[in-house]
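Written out below as C-alpha cells is the structure these notes cover.
No lab work stands behind these numbers, since they all come straight from the coordinates. Quantities reported herein were computed from a predicted structural model and do not represent experimental measurements. Cβ atoms come from the backbone with ideal geometry, glycine included; neighbour counts cover every protein chain shown.
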Amino acid sequence: MKDQKKSYRKFFSVLAAAAITTSISAPAAFASANTPSSMKTNIHNNNVKKAKKDKNYDLTIMHTNDTHAHIDNVARKLSAIKQVRAENPNSLLLDAGDVFTGTLYFNQFEGLADLEFMNLAGYDAMTFGNHEFDKGTATLANFIKSANFPFVSANVNFQKDSNLKDIFIDRVEKHPENGEIYNGMIKTLNGEKIGIFGLTTAETKDISSPGPGVEFENYIEEANQAVAALKEKGVNKIIALTHIGYNDGGGDNDLTLAKEVEGIDVIVGGHSHDKLDQPVVVEAGEEPTVIVQANEYNKYLGTLDIEFDKKGKVVDYSGKLIDLDQKVGTAYVIPDDPKAAQILETNYKPTIVEMQQTVIGKTTVDLIGGNPPARTGETNLGNLVTDGMLAKAKTINPETVIALQNGGGIRTSVAAGDITLAKVFEIMPFGNTLGIMKLTGAEIKEALEISVKDAPNAFGGFLQVSGLRFTYDSSKTLGQKVQSIDVKEDGANYVPIDPSKTYAVATNTFTAKGGDGYTVFAKAYSEGRVSEPGYVDWEIFTDYIGTQEGKTISPSVEGRIINLAN
C-alpha cells in the first residue's frame with residue numbers, strides 16, 4: 001500500500017516536512033493514555049504473514065470538517081484533491097459537517113458558495129453539523145437539494161419536518177441519490193462495497209435552530225443499527241462520518257463511539273475542531289477503529305490511506321493533514337486550481353470585500369485592546385468582548401455565570417466612532433469558537449493564578465473577565481498572587497467564590513483545550529467537562545453590539561481586575 005502512495009506523498013513532501021508533526025495538543029494526552037503505544041505495531045505484526053496479500057483492499061479517504069464558510073483558499077484545496085485522487089483511484093472525499101456559519105460568505109450566500117466548490121470537488125458524502133441548522137431547515141433544504149452528493153445521519157429523524165421529510169429516506173441505501181438524506185449509504189469502488197453512515201451531535205437541539213420537526217436520537221443505538229444494516233447488505237468496510245467531537249463533553253463523542261460500537265473501521269470526525277496530525281486508533285473490540293479529524297476552516301485536507309484484509313479488518317494505515325496554506329517564501333506550496341480561483345474571484349469575493357465595510361455599530365469611547373494593554377490588565381474592550389460571550393453562553397446554558405477571554409485574542413484597539421466588520425476582524429482574526437466549561441471554584445482560582453503569572457509583564461493568556469472580579473498582588477510568589485475572587489452568581493451581585501462549588505464558565509475553545517498553558521482547562525476538557533456549541537467570536541461580538549440601544553456602546557473599566565501592588 002505504501003509504495004502505491006509514493007507519487008502524491010512526494011508531491012506533498014514539502015508540506016510534511018514543514019507542517020506535519022506528531023503532536024495532537026490536548027487530545028494527544030488523552031489518546032496516549034487510552035491507546036496502547038504498540039497498537040499500530042500490533043496491527044502490522046499480527047498480519048504481516050498474510051497468505052493472500054492480493055486479496056487485501058487499499059482505500060484512500062480524503063476528509064474535511066468544520067470549514068465554516070472559509071473559502072478564500074478553496075482553489076488550493078481543489079488542487080490538492082485532484083492530485084490525491086489522480087494517484088489513488090480507490091478514493092473517497094467526505095465532509096464531517098459544519099460547512100455553515102463563520103464568515104461573511106455564509107452571511108451572504110447561506111452555504112451555496114461553499115456548495116459550488118464542493119460540487120466541483122466531487123464530494124461523495126456529507127453529514128450534518130450543528131451549524132447546518134442555524135438558519136432553520138428551509139435554508140438547509142436549499143443546500144441539500146443543490147448538492148451533487150448524498151447526506152448521511154443515522155441519528156437525525158426528519159420525518160416530521162416539512163422542509164426535509166420529502167428528501168429523507170430512513171434507511172441504509174445501496175443506490176443513494178444526490179441531494180437526499182439517508183441513515184447510511186453504500187459506495188462501490190473497484191468492486192468493493194464501502195459503507196458510510198452519519199451521526200450528528202444531539203446538542204444541536206440546544207445550540208442551534210433545527211425546529212420541532214427534527215428529532216435527535218441516541219447515537220450509540222443508531223450507530224449499532226446502522227452497522228448491522230450495512231453488514232446485512234454484505235458490507236464489511238464501514239466508515240462513521242460524525243459530527244459529535246473527538247472527546248467533546250456534550251454527551252457524545254468519537255472515542256466513546258469507537259469503544260462502544262463494534263464494527264466501525266474508520267471514524268471521520270468533526271465538531272471539536274481537533275487537529276489530529278496522525279490517526280488515533282482505538283482497539284476496544286474485536287477489530288481496531290481508526291479516528292481522523294482535520295482541524296477547521298479549510299486549513300487542511302485530511303488524508304487516510306487504509307488497508308483492509310479480505311474480511312474487512314484494518315491491517316495497515318497511514319494518514320496526515322495536508323497544509324493548504326503553507327508557503328515557501330511568499331508563494332503557496334499548493335497552486336490554485338484555475339477554474340475554482342476564477343469562480344471565487346468573479347462570483348463571490350467582490351461582494352464580501354464590499355460587505356467588510358459595513359458599519360455594525362458605534363463606540364463613543366476608544367476601545368482598548370492589543371499588546372500590552374489586554375495582556376496586562378482589565379480593558380474596556382476586554383469587558384465588552386467577555387460580556388458578549390457571557391450573554392451568548394447564557395442563551396445556550398442559562399447556568400453560565402462567568403466568561404473568560406485570553407488577552408492575546410484581542411489583537412488591537414478601536415478608535416471612537418463607527419465600527420466596521422473589517423475592524424472587528426482585526427480585533428479577533430482567529431475565528432475562535434465558544435466553549436462552556438464546568439469548573440470548581442478551586443479550578444477557577446488555579447486558572448487565574450496562571451493568568452497573572454507574568455504580571456506585571458505582558459502575557460497572551462492574561463484573562464479578561466465577565467461575571468467575575470478578582471484582586472491579585474504581582475509582587476507575591478508565583479501561585480500565591482490571587483488574593484480574592486467574587487462571582488455574580490445571580491447575574492447582579494458579587495459574592496465570594498466557593499472553592500468546592502461547580503460553575504459554568506464560557507471561554508473560547510483554544511483556551512478551553514489548554515492553550516496558553518491552561519493545564520487546568522485541558523484537564524477539564526479531557527474529562528468531558530467542556531461543551532462546544534461552536535459560535536464564532538467575531539459573530540458573537542457583532543451580535544452583542546447589535547443588541548445595544550442604537551447599536552452604540554460606551555464600555556468602561558469597572559474594577560474587575562485589580563493589581564494590589566500598583
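Using every alpha carbon pair in the stretch 253-320, what percent of pairs falls into each 5 Å bin from 0 up to the bin containing the largest distance?
That works out to 3, 18, 29, 23, 17, 7, 3, 0, in percent per bin.
So, by mean Cβ neighbours within 10 angstrom, what's the order for 503-510, 523-530, 281-288 with the highest one leading?
Top of the packing list down: 503-510, 523-530, 281-288.
About the Cα centre, and with charges only on the beta carbon of Lys, Arg (+1) and Asp, Glu (-1), how big is the dipole of the chain? Nearest 20 debye, please.
That gives the chain a dipole magnitude of about 1560 debye.
So if each residue of separation counts as 0.36 nm, and I subtract the Cα-Cα distance between V495 and T364, what length gain in nm does that give?
Extending this stretch completely gives an extra 44.0 nm.
Can you give the percent of C-alpha pairs in the chain whose distance is more than 33 Å?
For the chain, the fraction of Cα-Cα distances above 33 Å is 43 percent.
So how do 403-411, 85-93 stack up, highest first, on mean other-Cβ count within 10 Å?
Output ranking for 403-411, 85-93: 403-411, 85-93.
Taking every DSSP beta bridge with both residues inside the chain, roughly what % is antiparallel (nearest 5)?
65 percent
Checking the a/c ratio against 1.5 first, then a/b against b/c, what shape does the Cα gyration tensor give for the stretch 119-260?
Note, shape of the stretch 119-260 comes out oblate.
Run the Debye formula on the Cα coordinates of the stretch 338-424, all scatterers equal and no solvent, and tell me log10 I(q)/I(0) at q = 0.13 1/Å.
-0.61
Just need the Rg to Rh number for the stretch 294-358, please, alpha carbons only, Kirkwood Rh.
1.19
Would you please give the FRET efficiency between K233 and Q159, computed as 1/(1 + (r/R0)^6) with r the Cβ-Cβ distance and R0 = 25 Å, to the nearest 0.05?
Working from the Cβ atoms, E equals 0.65.
Work from the charge dipole of the stretch 411-564 (Cβ charges, +1 for Lys and Arg, -1 for Asp and Glu, about the Cα centre) and give the residue of P555, T511, G435 farthest towards its positive end.
Result: T511.
Please work out the C-alpha center-to-center distance from the stretch 506-535 to the stretch 112-153 and express it in whole Å.
Cα centroid to Cα centroid, the span is 29 Å.
Calculate the FRET efficiency for K339 and S484 from the Cβ-Cβ distance with a Förster distance of 51 Å, rounded to the nearest 0.05.
0.25
Based only on other Cβ atoms within 10 Å, what is the fewest-to-most ordering of T364, T103, T67?
T364, T103, T67
Listed highest first by mean packing, meaning other Cβ atoms within 10 Å per residue, what order do 426-433, 392-399 come in?
Result, highest mean first: 426-433, 392-399.
Roughly speaking, what % of Cα-Cα pairs in the stretch 359-563 are separated by over 25 Å, rounded to a whole number?
Cα-Cα pairs of the stretch 359-563 separated by over 25 Å account for 30 percent.
Determine the distance separating the Cα centre of the stretch 265-308 from the Cα centre of the stretch 429-457; give it in Å without decimals.
29 Å
How big is D, in µm² s⁻¹, for the stretch 61-347 by Stokes-Einstein at 37 °C and 0.692 mPa s if Rh is the Kirkwood radius over C-alpha pairs?
176 µm²/s
HN-Hα J couplings of the stretch 187-193 from phi, Karplus 6.51/-1.76/1.60, θ = phi - 60°, integer Hz, Gly and Pro as x?
After applying 6.51 cos²θ - 1.76 cosθ + 1.60, I find 10, 9, 10, 6, x, 10, 8 Hz.
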